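The block underneath contains the structure these notes are about, expressed in structure tokens.
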Amino acid sequence: MNILLGVTGGIAAYKALNLVRLYRKAGHEVQVVMTDSAQAFVAPLSFQALSGHPVRTELFDPEQEAGMDHIALARWADVLVIAPATANVLAKLSAGLADDLLTTLVLACDRPLVVAPAMNRVMWQQPVTQQNLQALQARGITVVPPGEGEQACGETGEGRLAEETAIVTATESVQSALSGSSKPKNDQAWLKTQAFLQGKQVLITVGPTQEPIDPVRFLGNRSSGRMGFALAQAASEAGANVTLIAGPVALPTPAGVRRVDVATAQQMFDAVQAEFAQTDVLIGAAAVADYRVAEPAEQKLKKSPDADELTLKLIKNPDIIGWAGEQKAQNGGKGPILVGFAAETENLEAHARTKLQTKQLDMICANQVGDKLGFDQPDNALTLITAEHTRHLTRSDKADQARQLLQVLLEWQADLKF
Ligand code: CTP
């Protein structure tokens, strides 16, 4: 694959050298474009030596334009990656500016874009940076989120460039989604699923929620979000317009998928309500916290020297998919197809059936958790249940489970009231 790597000006620019090395090791061709400020951190010659190509730095460089002009460079790329991406370049991309070679290439290139932000934690947390990021994600740009830890500026927090290996994985998954190499080819059932989902609005809740205890602590759970992301990718590959309402997870957004990031169950509920009227299929893959702390402390809770116990009062969160079931029932059964998940450690099918009924869903996907399956595992073995049918899927990776789920949904659509 031909990777056009944009390097912008941050101390993490030196890590992009290793990124070039990893891409090359995986058999990819890499051409590097550096901004002016990137060159203050690393010399272009280092990238040239590792990539085996001259590094591009100027929009109008007669010598380089003679070899490969910037439009040819944009056409050459299969994927565009910006790592590290500064707050400044995120702002420029969000506004659609094209005032240097890199931002011009982004506008001139119709290939997928992956950005890996890296910056000081305060810059990262600025509402304007987060808004820019959300705008980019809403346009289907893949963001590889930064990690937490000690920063070059001496502070500790979120903003360090993601691991180079994670950026490689995100780049390759964006490309494989686009080339369709991860989809079954010439498969009749899949072709029918594509016809069924073409242009449909699919809304998926995903990941855990975090319920604050105080400004630095929260109640959460072990959901990795992988199953919901696999579903988003499969539905998007099948031609659906997919929106992910994502709790805090460290996963890149699949190509073409719109993503809305939330933290708490209430925020997830608000986001679902805002999308509900336009939705054809709603899949509740999120592990929503059933309860939240009644009154989160405004300041960090201090350990009391003479109390060995601490009691937190919890109150119930809204049941998001249950609300959707109620809306549909009130509307005489008209509304989106509702698919829930039931993650259980025991009595899998019985608990799942109860949830199917009480939440008034069309289908529930029972998911054994707590042993070698479930949270944060690449494989899964779902049991799909409707009022009339039960289907045990054999164990496979989550991408395959996701496609099978969508195929079964189509197969059973005559019995589901939609
Ligand atoms: N769900 C939801 N909102 C909640 C709780 C759950 O939308 N507040 C959805 C989940 O996304 C999933 C389904 O309901 O699709 C079942 O979630 P689960 O946590 O298994 O069920 P609960 O209703 O929370 O029941 P319990 O925790 O008692 O097993």
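The values are calculated or read from the model by the stated rules, or taken from the named source; none is laboratory data. Here the structure is a predicted model, which is why all the values come from computation and not from measurement. Neighbour counts run over all protein chains shown; Cβ positions are idealised from the backbone, glycine included. These accessible areas exclude ligands, DNA and RNA; they are computed on the full protein's heavy atoms, side chains included. Shrake-Rupley method; radii C 1.70, N 1.55, O 1.52, S 1.80 Å.
Here ALA49 clears all of (1) of a type in the set (A, V, I, L, M); (2) surrounded by 14 or more Cβ atoms within 10 Å (Cβ to Cβ); (3) free of Cβ contacts under 8 Å to residues at least 60 places away in the same chain except the condition numbered (2).
When segment 297-313 is limited to residues that are touching a residue at least 40 places away in the same chain (Cβ under 8 Å) and open to solvent by less than 90 Å² (accessible area, probe 1.4 Å), the one that is nearest to the ligand (Cβ to nearest atom) turns out to be LEU312.
Residue-by-condition table, conditions (1) outside the structural domain of THR264 (by TED's automatic domain parsing); (2) open to solvent by less than 70 Å² (accessible area, probe 1.4 Å); (3) in contact with a helix residue (DSSP H, G or I) (Cβ under 8 Å, 6 or more places away or on another chain); (4) not small (Gly, Ala, Ser):
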site	(1), (2), (3), (4)
ALA285	no, yes, yes, no
GLU295	no, no, no, yes
PRO318	no, yes, yes, yes
GLY335	no, yes, yes, no
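Just one of the listed residues (ALA263, ALA289, ALA250, ALA255) is assigned by TED's automatic domain parsing to the domain that holds ALA352, within 10 Å of the ligand (Cβ to nearest atom) and assigned to a loop (DSSP other than H, G, I, E, B), namely ALA289. The set of residues in segment 72-93 that are over 17 Å from ALA118 (Cβ atoms) and open to solvent by 10 Å² or more (accessible area, probe 1.4 Å) comprises ALA72, ARG75, TRP76, ASP78. Here SER51 fulfils each of the conditions (1) more than 19 Å from ALA162 (Cα to Cα); (2) out of contact with any strand residue (DSSP E or B) (no Cβ under 6 Å at 6 or more places or on another chain) apart from (2). Please determine, by comparing only the residues of segment 1-31 that are without any contact (Cβ under 8 Å) to a residue 60 or more places away in the chain and under 27 Å from ARG121 (Cβ atoms), which one is surrounded by the most Cβ atoms within 10 Å (Cβ to Cβ). Here the residue is VAL20. Among the residues here, ASP270 qualifies as within 16 Å of the ligand (Cβ to nearest atom), more than 22 Å from GLU237 (Cβ to Cβ) and surrounded by fewer than 19 Cβ atoms within 10 Å (Cβ to Cβ). Applying a threshold of 6 Å to beta carbon distances and a minimum spacing of six or more residues, or different chains, the list of pairs starting in segment 213-241 at a residue that is within 14 Å of PRO378 (Cα to Cα) and part of a loop (DSSP other than H, G, I, E, B) and ending at one that is among the hydrophobic types (A, V, I, L, M, F, W, C) and open to solvent by less than 10 Å² (accessible area, probe 1.4 Å) reads GLY225/VAL206. Checked against (1) over 20 Å from ARG292 (Cβ atoms); (2) modelled with pLDDT of 95 or more, ALA324 passes all but condition (1).
Of all residues in segment 156-189, those satisfying the criterion of being at pLDDT 80 or above and either outside any helix (DSSP H, G or I) or not β-branched (Val, Ile, Thr) (or both) are THR156, GLY157, GLU158, GLY159, ARG160, LEU161, ALA162, GLU163, GLU164, ALA166, ALA170, GLU172. Applying the criterion of at least 3 residues that are assigned by TED's automatic domain parsing to the domain that holds ARG160 and under 21 Å from GLY140 (Cβ atoms) to the helices (runs of 4 or more DSSP H) found wholly in segment 21-99 leaves 87-95.
Screening GLY239 on (1) surrounded by fewer than 20 Cβ atoms within 10 Å (Cβ to Cβ); (2) out of contact with any Pro (no Cβ under 8 Å at 6 or more places or on another chain); (3) over 16 Å from ALA402 (Cα atoms) shows it passes everything except condition (3). Does segment 337-351 include one or more residues that are more than 15 Å from the ligand (Cβ to nearest atom) and either open to solvent by 20 Å² or more (accessible area, probe 1.4 Å) or touching a helix residue (DSSP H, G or I) at 6+ places or on another chain (Cβ under 9 Å) (or both)? No, there is no match, as no residue in segment 337-351 is more than 15 Å from the ligand (Cβ to nearest atom) and either open to solvent by 20 Å² or more (accessible area, probe 1.4 Å) or touching a helix residue (DSSP H, G or I) at 6+ places or on another chain (Cβ under 9 Å) (or both). Screening GLN360, GLN401 for residues that are within 12 Å of the ligand (Cβ to nearest atom) and assigned by TED's automatic domain parsing to the domain that holds LEU244 leaves exactly one candidate, GLN360.
Residue-wise test of (1) open to solvent by less than 30 Å² (accessible area, probe 1.4 Å); (2) within 17 Å of ALA13 (Cα to Cα); (3) assigned by TED's automatic domain parsing to the domain that holds PRO252.
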| site | (1), (2), (3) |
| --- | --- |
| LEU107 | no, no, no |
| TRP124 | yes, yes, no |
| VAL144 | yes, yes, no |
| GLU163 | no, yes, no |
| THR171 | yes, no, no |
